[in-house]
Each structure stands twice: as C-alpha cells, then as structure tokens.
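All remarks here apply to the structure that follows.
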Amino acid sequence: MTSNLEAQLLALKEEGEKAIAAVDTLERLEELRVKYLGKKGDLSVLLGGMGKLPQEERPKIGAIANTVKEALQKSLDQQRTTLEAAKIQAQLEAETLDVTMPGIYRPQGKVHPINGIIDRALDIFVGMGYTVASGPEMETDYYNFEALNTPPDHPARDMQDTFYLPDGNLLRTHTSSVQIRYMEAEEPPIRIVAPGRVYRRDNVDATHAAVFHQIELLAIDEGLTFTDLKGSIKVFLQQMFGELPIRFRASYFPFTEPSAEVDLQWNGRWLEVMGCGMVDPNVLKAVGYDPEVYTGFAAGFGVERFAMVLHQLDDIRRVYTSDLRFLQQF
C-alpha cells in the first residue's frame with residue numbers, strides 16, 4: 001500500500017511538472033493549480049488514502065507529499081513569472097511605435113495677414129491700458145455721421161459714400177461709430193480701441209477696396225492734450241515698425257479739431273499711415289460729456305495699409321483672394 005501511494009505521488013509530480021511547463025496562458029495555468037493543488041485537487045485525493053496506512057508509514061508518505069506539493073508550486077510560480085513577462089513583452093511590442101516610419105503630415109493652419117496685424121496692434125494698445133470695444137457693422141445715419149459732427153449736408157460725406165439699406169440704415173464707413181456707442185454707455189475716463197470691418201463705395205484697385213478693416217482708438221479724460229496724442233501714436237508706431245522717423249501733418253476730419261495725418265519714413269520715403277486729432281467738442285456734447293471738463297483724442301488706420309507696408313505687398317486684393325500660394329507665406 002505504501003509503495004503504491006508513493007509511486008502515485010511521484011507520478012503526479014512528473015505529470016504535473018510536464019503539464020505546467022507546456023501551458024501557454026495564465027488562465028490555463030490557474031486551472032492546473034486548482035487541478036493539482038486545490039482543495040479537491042489530485043494531491044488532496046491521493047492524500048485522502050493516508051488514513052488507511054499504518055501509523056509508522058504516514059510520516060514517510062507525508063514527507064513525499066510535501067516534496068511533491070513544493071515541486072508543483074515551484075513549477076507553477078516559475079511558469080507564472082515566465083507567462084507574465086511574455087504577456088508584458090507582447091503588450092510592449094503591440095504598442096511600440098516604429099520611429100523610422102514616415103509621419104502622417106497634417107498641414108497647420110496659419111494666421112491670415114489681416115488678422116495678424118489686428119492681433120499685433122491690439123496687443124500693443126491693450127498693453128498701453130486700452131480696452132477692446134466692438135459695435136454693429138450695420139449702423140444708423142446718426143451713429144455713423146451725425147453724432148460724429150457730420151450732418152446730412154456736410155461735404156465730408158462724399159469722401160465716405162457707403163452702401164445704404166432700404167430701411168435707411170447703412171454699412172458703417174469707419175469704426176468711429178463704436179466710439180459714440182461706448183461713450184453713451186460709459187463715463188470718463190475712457191480708453192478704447194475698436195477694430196472691425198468697414199465699407200465704402202470705393203473703386204477697387206491695387207490700393208483701395210470697398211470692404212476693408214480699420215482700428216481706431218479713443219481716449220477721454222480731464223486734461224488730455226495733443227502732446228498725449230502724439231506720444232501715444234509714437235509709442236504704437238515704434239512698436240509696430242521700429243525706431244523710424246514720424247511726422248504729423250495738419251489735416252481735417254469732421255469729428256476732430258485739430259486734426260493731423262501721420263506719416264512714417266519707410267525705406268527712404270514718407271508713407272501716410274494713419275489719421276488722428278483731438279475730439280471735437282461737438283462730439284463730446286452729442287454724448288453728454290462736458291467739453292469744458294473733458295478733452296480727448298482719437299486716431300485710426302487701415303489694417304490693410306499696415307499689412308501692405310509690413311509684408312511688402314504690391315496689391316491689396318491679394319489678401320482677399322484666398323489663394324493658398326499667397327497665404328502660406330505668412
């Protein structure tokens with residue numbers, strides 16, 4: 001009886017080690033652990049017969065049984081380690097990127113030259129303490145002309161002929177209308193910069209467009225002078241174009257008095273880049289400000305003009321054609 005049980009234990013050990021060494025999944029390995037070492041496994045079944053052995057034989061069989069159990073457990077542990085390492089390696093290989101393969105090219109979008117100039121200018125003005133303001137592109141005659149000291153019979157309207165709508169409204173000719181709306185809603189001191197699209201009935205050519213973009217600034221406070229205006233414009237233009245000569249020429253705008261055109265010496269010649277002036281007292285009265293207490297200055301420029309100068313463009317129409325060969329340069 002003893003030799004028979006001993007032979008069965010040794011046969012179980014040999015069979016188990018072979019089966020464990022051949023298993024190729026962790027799930028199957030767990031099944032073998034239960035089969036051989038579980039509470040109802042093969043080893044437990046064999047040891048159930050120890051009760052029929054003589055008392056003096058039991059220690060010997062018990063020692064053999066422990067040896068078998070330890071051998072099978074060792075085989076299980078070793079095979080589990082091997083299978084876990086193989087699983088991790090397979091996962092790494094499956095997730096590995098072949099860095100020698102050519103990448104998938106996705107073209108990056110770029111900022112349009114018009115938007116680039118607007119963003120750059122607004123960054124400068126915001127850094128100087130200005131707030132960005134906006135308003136509607138479809139305006140009333142009052143906000144676009146009358147509140148800006150340009151009554152219906154004023155000759156300056158001929159220079160800003162625009163597109164009129166059937167209801168009597170119009171497409172704004174400048175973003176100065178934003179200034180009126182802002183002043184009506186706010187009390188001084190005011191420092192705003194108003195970018196936006198504007199419309200004029202211009203004949204389209206290399207330097208003119210019927211639809212273009214403007215940026216205007218307005219400052220209202222007690223004690224502002226033309227010196228403050230000149231200093232603000234000088235700082236702005238130097239940050240946009242660099243340390244270049246700047247000059248102011250006397251000019252005329254209905255909504256500023258005195259008024260001036262600003263020229264910049266670029267590549268050896270003078271270029272007109274923007275208009276400016278002290279806010280006319282009539283404009284201040286129109287929005288309910290006391291011109292005896294408050295003064296202010298305003299200035300504006302065409303974004304396309306700046307883009308043509310900074311990017312050395314020969315035709316303003318190029319920025320509107322959506323030609324990728326042109327746009328991809330920026």
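The values are calculated or read from the model by the stated rules, or taken from the named source; none is laboratory data. A quick note: this is a predicted structure, and the numbers were derived from the prediction, not measured. All Cβ positions, even for glycine, are placed from backbone atoms using ideal geometry, and neighbour counts span all protein chains on display. For accessibility, only protein heavy atoms count, side chains too; no ligands or nucleic acids. Shrake-Rupley method; radii C 1.70, N 1.55, O 1.52, S 1.80 Å.
Summary table below
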{"quantity": "Residue in the range 150-157 that is hydroxyl-bearing (Ser, Thr, Tyr) and over 37 Å from the mean Cα position of the chain (by Cα) present", "calculated": "yes"}
{"quantity": "Residues (open to solvent by 20 Å² or more (accessible area, probe 1.4 Å) and over 19 Å from Val193 (Cβ atoms)) located in the range 247-265", "calculated": "Arg247, Phe248, Arg249, Ala250, Ser251, Tyr252, Glu257, Pro258, Glu261, Gln265"}
{"quantity": "Residue check for Thr67: of a type in the set (Ser, Thr, Tyr), part of a helix (DSSP H, G or I) and either open to solvent by less than 50 Å² (accessible area, probe 1.4 Å) or free of Cβ contacts under 8 Å to residues at least 12 places away in the same chain (or both)", "calculated": "no"}
{"quantity": "Test: Glu272 is among the charged types (D, E, K, R), under 27 Å from Ser134 (Cβ atoms) and surrounded by 15 or more Cβ atoms within 10 Å (Cβ to Cβ)", "calculated": "no"}
{"quantity": "Hits in the range 303-328 (condition: in a helix (DSSP H, G or I) and either hydrophobic (A, V, I, L, M, F, W, C) or touching a Pro at 6+ places or on another chain (Cβ under 8 Å) (or both))", "calculated": "Val303, Phe306, Ala307, Met308, Val309, Leu310, Ile316, Val319, Leu324, Phe326, Leu327"}
{"quantity": "Hits in the range 27-40 - residues which are part of a helix (DSSP H, G or I) and open to solvent by 50 Å² or more (accessible area, probe 1.4 Å)", "calculated": "Glu27, Arg28, Glu30, Glu31, Arg33, Val34, Lys35"}
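Let's see how each residue does on (1) out of contact with any Lys or Arg (no Cβ under 7 Å at 6 or more places or on another chain); (2) open to solvent by less than 60 Å² (accessible area, probe 1.4 Å); (3) of a type outside the set (Lys, Arg); (4) closer than 30 Å to Asn282 by Cβ:
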| residue | (1), (2), (3), (4) |
| --- | --- |
| Ala63 | yes, yes, yes, no |
| Arg80 | yes, no, no, no |
| Ala90 | yes, yes, yes, no |
| Ile104 | yes, no, yes, no |
| Ala133 | yes, yes, yes, yes |
| Ala147 | yes, yes, yes, yes |
